[in-house]
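The values are calculated or read from the model by the stated rules, or taken from the named source; none is laboratory data. A quick note: this is a predicted structure, and the numbers were derived from the prediction, not measured. Ideal geometry is used to build each Cβ from the backbone, glycine not excepted, and the neighbour counts take in all protein chains shown. When the accessible area is computed, the model is the full protein with side chains, heavy atoms only, and any ligands, DNA or RNA have been set aside. Shrake-Rupley method; radii C 1.70, N 1.55, O 1.52, S 1.80 Å.
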Amino acid sequence: MDDKPSPEALSESSERLFSFGVIADVQYADLEDGFNFQGTRRRYYRHSLLHLQGAIEDWNNESSTPCCVLQLGDIIDGYNAQYNASEKSLELVMDTFKRLKVPVHHTWGNHEFYNFSREYLTHSKLNTKFLEDQIVHHPETMPSEDYYAYHFVPFPKFRFVLLDAYDLSVLGMDQSSPKYEQCMKILREHNPNTELNSPQGLSEPQFVQFNGGFSQEQLNWLNEVLTFSDTNQEKVVIVSHLPIYPDASDSVCLAWNYRDALAVIWSHECVVCFFAGHTHDGGYSEDPFGVYHVSLEGVIETAPDSQAFGTVHVYPDKMTLKGRGRVPDRIMNYKKERAVHC
């Protein structure tokens, strides 16, 4: 048939390709409500599990079931470690996730490392590397075992990349290891405070202990994956616990070397969107290269009468975030040259 709709018409009524769920900072603990470290915002430790249950129920009942859910890190709160409840709380949250009809991709945040060592996490149910896709004949796109990162393809021509924002970190690391010493050196060079979680007086406030960064090895790997995606005209969504774009985050919540990550991403055409958690307040911005940065509002600071999760619907020309509760709706149009011609 010659009477195909024009690209403009397709854009107006384009067919949904697939959807995926997003949720961040559940931080469950069997505790009474508390406050953040500054004492300024309430945290609903027990109710966060009910929010998660509600989100799962919603995703399961959507007319177009999401193909997967991205869990953006901090799944249980650090307080669990103080009460020797880390494993019990994790089991409870993972049992809740079992009700979900689709796979979950788990990102690791600072609260994972308050509760568990990196070695423990590697052998836990929070390691979803088994869901990765492999690019045959391109061994350079296989991630190293030295960091927790992988990529997968939920739909043809769309690749998702999950990054390890605590690849460089003093959290969860064996304190006798050379890498711990290297990371402590980086931290102390940028943060002279006695309390390393304090950004007071810092010109680069992201250099605090509860943040981390990306090793050069991981950034090189990311570059190889994005090079492949450029060549094959794929669209790429990147996922990390820590945000990397200042306009979409509190400056204290950025990855240590966020500029290095941005430099890699900005050298490629394929990246459409970067999802992160950590900030709890949320954040959103389109950078000068047309990449959308979405920092999701945290479940832990969401009142019982609200919600904090979303479903992203993917079209040939855009992505739309349908938020619930504190998470606002977003429309993320691809740059013209980024549109997928289906």
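Note on the chain: with neighbouring protein chains present and a 1.4 Å probe, carbon and sulfur make up 50 percent of its accessible heavy-atom surface.
In this structure, the pairs whose alpha-carbon distance is over 30 Å, taken from Lys235/Lys322; Lys185/Lys235; Lys129/Lys322, are Lys185/Lys235. When the alpha carbon gyration tensor of region 23-147 is reduced to an equivalent ellipsoid, its three semi-axes come out at 27, 20, 12 angstrom, largest first. Using alpha carbons only, the radius of gyration of region 113-171 set against its Kirkwood radius gives Rg/Rh = 1.00. With a cut-off of 13 Å between beta carbons, the residues surrounding Gln206 carry a summed charge of -2, where Lys and Arg count +1 and Asp and Glu -1.
Using a probe of 1.4 Å, the accessible surface attributed to Ile331 totals some 110 Å² when neighbouring protein chains are kept in position. Calculated mean residue ellipticity at 222 nm for the chain: -7500 deg cm²/dmol, from DSSP H runs with n ≥ 4 weighted as -39500 (n - 2.57), summed, divided by the residue count and rounded to 500. Karplus-based coupling profile of region 178-184, in residue order and whole Hz: x, 5, 4, 4, 4, 5, 5, with θ = phi - 60° in 6.51 cos²θ - 1.76 cosθ + 1.60 and x standing for Gly or Pro.
By DSSP, the beta bridges lying fully in the chain are antiparallel in about 55 percent of cases. For the chain, the solvent-accessible area of protein heavy atoms averages 44 Å² per residue (probe radius 1.4 Å; ligands and nucleic acids excluded). Taking Lys157 as the anchor, which aspartates and glutamates have their alpha carbon closer than 15 Å to its alpha carbon, excluding any fewer than eight residues away along the same chain? Output for Lys157: Asp133, Asp230, Glu234, Glu269, Asp317, Glu337. For mean projected area of the Cα convex hull in nm², the value calculated from this model appears in [x] 15.8; [y] 18.1; [z] 14.9 under label [y].
Relative to the dominant Cα principal axis of the chain, helix 216-231 is inclined by about 10°.
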